[in-house]
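For reference, the structure discussed in these notes is given below.
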Amino acid sequence: MRQKYRIRLNVTTLQTLPQPEVCIALLFEIAPNQIQRLSTQGLAMTSSVSPGRLYLGGDFYTNHFEKGSSPDTMILNMGPQHPATHGVLRIIFELEGEYILRTEPVLGYLHRMHEKMGEEQTYYQYMPNMGRVDYLHALAWNWAWAGAVEKLGGIEVPRRAEFIRVITCELNRISSHLLWWGAFLLDLGAFTPIMYGFDDRERILDILQRPTGSRLTYSYYRLGGVAADLDDTALDMIRDFVPYLRSRLPMYRDLVTDNMILRHRLEGVGHISVDMCRRYGATGPTLRGSGVAYDVRRAEPYSVYPELDFSIPTDHECDGMARYNVRMAEIEQSLNIIEQALDMLPTGEFWAKNAPKPKWKAPKGEVVFAVEGARGKIGVHLVSDGSAKPYRVKLRAPGFSNLSLLAEVARGTLLADAVAILGSLDLVIPEIDR
Amino acid sequence: MIREFGKALQGLWSLAIGLGVTFRAFVRPQVTVHYPRATVDDANLRTYHGHVELIGKDDAPEVPRCISCGMCAMNCPSACLAVVKQKAPKPTPEQTKAMEEAEARGEKVKKPTAPKDPARFTYDFSLCSLCGTCVESCPVDSLRFSTELYQAGFDRNDFHFDLLARLRGQAESRPGEASTPAQGGQ
Amino acid sequence: MNPPFGIPPELFTILLALGLLAGFVGLNGLVLVYLERKVAGHIQRRPGPFEVGPHGILQPLADALKLVGKQLITPRGADKWLFWTAPIISFAPVFVLFLPIPFGPVLTAMEMDLGLLLILAFAGINVLALCLAGWSSENKWSLLGAARAVAQSVAYEIPLLLAVLAIAFQFGSLNLSTIVSGQGAWPWQWNIMVQPVAFFIYFVCALAETNRAPFDLPEAESELTAGFHTEYSGMGFGIFFLAEYANMIVVCAVATALFLGGWNGPAAPGVWWFLVKVYLLLLVMMWFRWTYPRVRFDQLLNLSWKWLLPLALINLLVTLVLVKI
């Protein structure tokens, strides 16, 4: 209360004093010449700045970014509230006309300290956090955590649970890709595809709602199994859904994939070479769109994936269209996996009888476990000191590495291309910030 | 040159096909559920996990099966449950007298014990992440997810539930049907 | 009808027409907003507006009321004069644009020999408004939108003119009524059969000139938030919106007069045929919007300079040769 009052007092004095820069400087403890700099070249637009008007704009990032800019260029701040950044990503561009000279993503607007929370909760209790790291492919994160703890504690997972995990995780992957498809097209200015994508995605959510009880932030996998069995109704729904989605895919192709405008927007845009992927650690469809057939399900096989027959779609074009094609092909591959897993689904228990209880103490050790998420390699690095709570949890989010590419890929492209590149990377901001 | 024209015509044809797709969608019936007039079907609704609620005893639906062990509150990752045990009733003067007499006779004294069901069972839905840890760790299966879907409030306090009151309300509104998920408010 | 107060009859007609046009434009704006939302809804397989009035028919009215009731905010640092003149400039020419349009055999506000020229000349003013709006908002997104608007308008006005010129040469007149009377009642007697290329070019350019998807670059939502009208609130935005819809009607009306036989129809020629054709074209525009992604800026200009302009020139030359023969 007192602090508020003091600031108000300062602002009133500010209006009466002849040199507002000095007052503001006193108030916010900035050097007056710095404010002068801000007011003449800072957030002021390219149009003239009338003398005496004050621009207090600019935080550390913009000020830091501006240092290299020349008078001919414009610093543009996109986000954290912008339709194309899908959440609260913020990107600073330096533009010449509409061409991008430099760009820099600014993160941290959705940082929720998930890794620190891991140190404060037991292994069992940390599971709901996993549904909220990447809400679009929540089950992959569920799996990454469950898998890491199971590897650490040597916990056996019943075979039925493994297959249930495969089925639900692949369904979730399709739903993530469908949402990406719609949102990406929304970035490119087409409003209708997202509704068609949602129509199909909604059916997946209905299916996943049966075992998990929720529609988005799943917390379904458990240490040593899954929380609920897939009942016959759910299995029937999945069996119906697979051919249904297959019948919808030609529509997707007609409406969007073959569309001339889309092809012109994406072909040759956002060229990411294999070398760049390696330098930044890009994984998932971004890497596969550059022609590398790297998929954690094959490279570091986990669960029952070695028993399933599926291919890893790749595309050698390295551009936005390649990443688009890879994701669309992945939907088909996931459908194949689901079909096979449904046929192979054994009977038995879905949650091991001797599964860890909430207060379970893990053995001492260190473990790394990775799964393939919709956006790439999801990794969990877990260090245990033998107590009920992890000593350290490190989450490796694929979106973070993929976003790091942006600064290099977007250089020299148009603003509209930058939006297309952002979309083609399929970013989920909560995952990047964690 | 001719190839360019061919490509352009092919592109135009792809645009026409796109128009065809949207036209077909235009003439087809809508797929959304028109909310106030129609609601999601019950079968779908029943698999939805809403907030947590107590389950009553089979013979006394207004009394929860809960034995106040506190496992749910202890295991909850977000500390949204609070269980308070009942205190043992104060013995009446006659009972005290009988107890003293029994003690004097050297018999084993039977002090009045507290009822097992909780005195207070509060739940802060605004903290809950619906993970199900409480439901899984309950030793007597006294907790379950409600199917409460249409929930809105103007105040954070609207989501602080007294689950005992809710159970009593359910038992009153539907006597003998306590084990089915109830509809309606808190 | 005898004009009261001794006003000259020509002036009276124009004043009456302006009054009627104001009503027509306003009403059409409401109808088009409703139609657009319904079309969008049905294409996306949802009902669209449904709550206000039966089938949501009063929704645009409620929206308009909401816009009128909103506070008009001038951003700090904006050029106040230019900022608030821009929406007026964007809307004012609309009345002039409607004057020479032949709605029916006698229903033309102002019969003039250079009607087509008048429309083309005044339609160009709209871009000034977008430019001013973007410039004076002191917002970088608006500025980008304004820059796009100018380049786009300049690029697309030329092929549009050339396409229209082909029709004008064919009839030897810039009078829209003459051109309409020169076409027959049946679809195969309309100019679209003689000049399909010109119609195609005209329609593409019309989409670009009215900033409709897939050429809605000046307000590209996912790139520039809202482009040139990012900073406008309340009716400032509302007037831009209304002007956009009014311009859509104008370009569709001109297309109807030039290519689709105007008020002529197989039976009972009259104003209804004109309106039906205009609305069909408007529906097609909406259909495009809800189907296609947006083109990129350089592609938009390439399309104009590399494809439409040569095509229009060739079309014009062929027309000239054929007319001379």
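What to note about this one:
- Sole exception among (1) touching a Leu at 6+ places or on another chain (Cβ under 9 Å); (2) closer than 21 Å to A:Leu342 by Cβ for A:Asp309, by number: (1)
- Count of region A:169-227 residues which are touching a strand residue (DSSP E or B) at 6+ places or on another chain (Cβ under 9 Å), among the small types (Gly, Ala, Ser) and either in contact (Cβ under 8 Å) with a residue 24 or more places away in the chain or within 11 Å of chain C (Cβ to nearest Cβ) (or both): 3
- Of the criteria (1) surrounded by 23 or more Cβ atoms within 10 Å (Cβ to Cβ); (2) within 27 Å of A:Thr192 (Cα to Cα); (3) out of contact with any Ser or Thr (no Cβ under 8 Å at 6 or more places or on another chain), which one C:Thr225 fails: (1)
- Test: C:Val278 is β-branched (Val, Ile, Thr) and crowded, with 18+ Cβ neighbours inside 10 Å: yes
- Hey, A:Ile261 within 14 Å of chain B (Cβ to nearest Cβ) and surrounded by 15 or more Cβ atoms within 10 Å (Cβ to Cβ) or not: yes
- All conditions but one from (1) within 14 Å of another protein chain (Cβ to nearest Cβ); (2) over 17 Å from A:Arg173 (Cβ atoms) apply to A:Arg279; the one that does not is (1).
- Residue match in region B:32-47 (condition: over 29 Å from the mean Cα position of the chain (by Cα) and among the polar types (S, T, N, Q)): no
- Against the numbered list (1) at pLDDT 90 or above; (2) in contact with a strand residue (DSSP E or B) (Cβ under 9 Å, 6 or more places away or on another chain); (3) of a type in the set (Asp, Glu), A:Asp240 comes up short only at (2).
- Filtered residues of region A:175-200 (kept if surrounded by 24 or more Cβ atoms within 10 Å (Cβ to Cβ), aliphatic (A, V, I, L, M) and either part of a helix (DSSP H, G or I) or over 21 Å from the mean Cα position of the chain (by Cα) (or both)): A:Leu178, A:Leu185, A:Ala190
- The test for being in a helix (DSSP H, G or I), farther than 20 Å from A:Leu139 by Cβ and either at pLDDT 90 or above or not small (Gly, Ala, Ser) (or both) holds for A:Tyr324.
- Test for B:Cys66: is it closer than 16 Å to B:Val140 by Cβ and buried (at least 17 other Cβ atoms within 10 Å of the Cβ): yes
- Note on region C:21-39: residues that are out of contact with any helix residue (DSSP H, G or I) (no Cβ under 9 Å at 6 or more places or on another chain) and under 19 Å from C:Gly53 (Cα atoms) total 1.
- Of all residues in region C:218-258 being among the hydroxyl-bearing types (Ser, Thr, Tyr) and more than 14 Å from chain A (Cβ to nearest Cβ), the one that is farthest from the chain's Cα centre (by Cα): C:Ser233
Yes/no per residue for (1) farther than 14 Å from C:Val254 by Cα; (2) in a helix (DSSP H, G or I); (3) within 14 Å of chain A (Cβ to nearest Cβ):
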{"residue": "C:Ala147", "(1), (2), (3)": "yes, yes, yes"}
{"residue": "C:Val164", "(1), (2), (3)": "no, yes, no"}
{"residue": "C:Gly184", "(1), (2), (3)": "yes, no, no"}
{"residue": "C:Trp188", "(1), (2), (3)": "yes, yes, no"}
{"residue": "C:Ile192", "(1), (2), (3)": "no, yes, no"}
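- Taken over region A:124-142, the residue count meeting the criterion of being within 13 Å of A:Leu395 (Cβ to Cβ) and away from every other protein chain (no Cβ under 13 Å) is 3.
- For region C:81-102, the count of residues that are more than 16 Å from the chain's Cα centre (by Cα), in a helix (DSSP H, G or I) and either farther than 15 Å from C:Gly238 by Cα or at pLDDT below 85 (or both) is nonzero.
- Unmet criterion (only one of (1) farther than 17 Å from C:Met285 by Cβ; (2) among the aliphatic types (A, V, I, L, M); (3) assigned to a helix (DSSP H, G or I)) for C:Leu32: (1)
- Hits in region B:1-48 - residues which are touching a Lys or Arg at 6+ places or on another chain (Cβ under 9 Å), part of a loop (DSSP other than H, G, I, E, B) and either over 15 Å from C:Arg46 (Cα atoms) or at pLDDT below 80 (or both): B:Thr47, B:Tyr48
- Qualifying residues in region C:10-58 (those that are more than 25 Å from C:Ile239 (Cβ to Cβ) and of a type in the set (S, T, N, Q)) - the one farthest from the other protein chains (Cβ to nearest Cβ): C:Thr13
- In region A:373-399, residue farthest from A:His114 (Cα to Cα) [restricted to those that are free of Cβ contacts under 8 Å to residues at least 40 places away in the same chain and out of contact with any strand residue (DSSP E or B) (no Cβ under 8 Å at 6 or more places or on another chain)]: A:Gly386
- Every residue from region B:64-78 that is in contact (Cβ under 8 Å) with a residue 60 or more places away in the chain and in contact with a Lys or Arg (Cβ under 6 Å, 6 or more places away or on another chain): B:Arg65, B:Ile67
- Failed item, numbered, when C:Trp305 is tested on (1) away from chain A (no Cβ under 14 Å); (2) among the aromatic types (Phe, Trp, Tyr); (3) buried (at least 16 other Cβ atoms within 10 Å of the Cβ): (3)
- Search result, residues across region C:59-73 that are β-branched (Val, Ile, Thr) and either within 14 Å of chain A (Cβ to nearest Cβ) or touching a Ser or Thr at 6+ places or on another chain (Cβ under 9 Å) (or both): C:Ile73
- Considering region B:123-140, the residues that are of a type in the set (A, V, I, L, M) and assigned to a loop (DSSP other than H, G, I, E, B) include one that is farthest from the other protein chains (Cβ to nearest Cβ), namely B:Val140.
- Answer from A:Arg112, A:Arg132 - the residue that is of a type in the set (Lys, Arg), in a loop (DSSP other than H, G, I, E, B) and within 23 Å of B:Ala79 (Cβ to Cβ): A:Arg112
- Index of the failed condition, A:Leu110 passing every other in (1) more than 30 Å from C:Asn139 (Cα to Cα); (2) among the hydrophobic types (A, V, I, L, M, F, W, C); (3) in contact with a Pro (Cβ under 7 Å, 6 or more places away or on another chain); (4) surrounded by fewer than 24 Cβ atoms within 10 Å (Cβ to Cβ): (1)
- Matching residues in region C:270-300 - criterion: being within 11 Å of chain A (Cβ to nearest Cβ), without any contact (Cβ under 8 Å) to a residue 24 or more places away in the chain and assigned to a helix (DSSP H, G or I): C:Asp298, C:Gln299
- Filtering region A:349-370 to residues that are within 31 Å of the chain's Cα centre (by Cα), away from every other protein chain (no Cβ under 14 Å) and assigned to a loop (DSSP other than H, G, I, E, B) leaves only A:Ala362.
The values are calculated or read from the model by the stated rules, or taken from the named source; none is laboratory data. On a predicted model such as this, the values are computed, not experimentally measured, just so you know. As a convention, Cβ positions derive from the backbone with ideal geometry for all residues, glycine included, and neighbour counts pool all protein chains shown.
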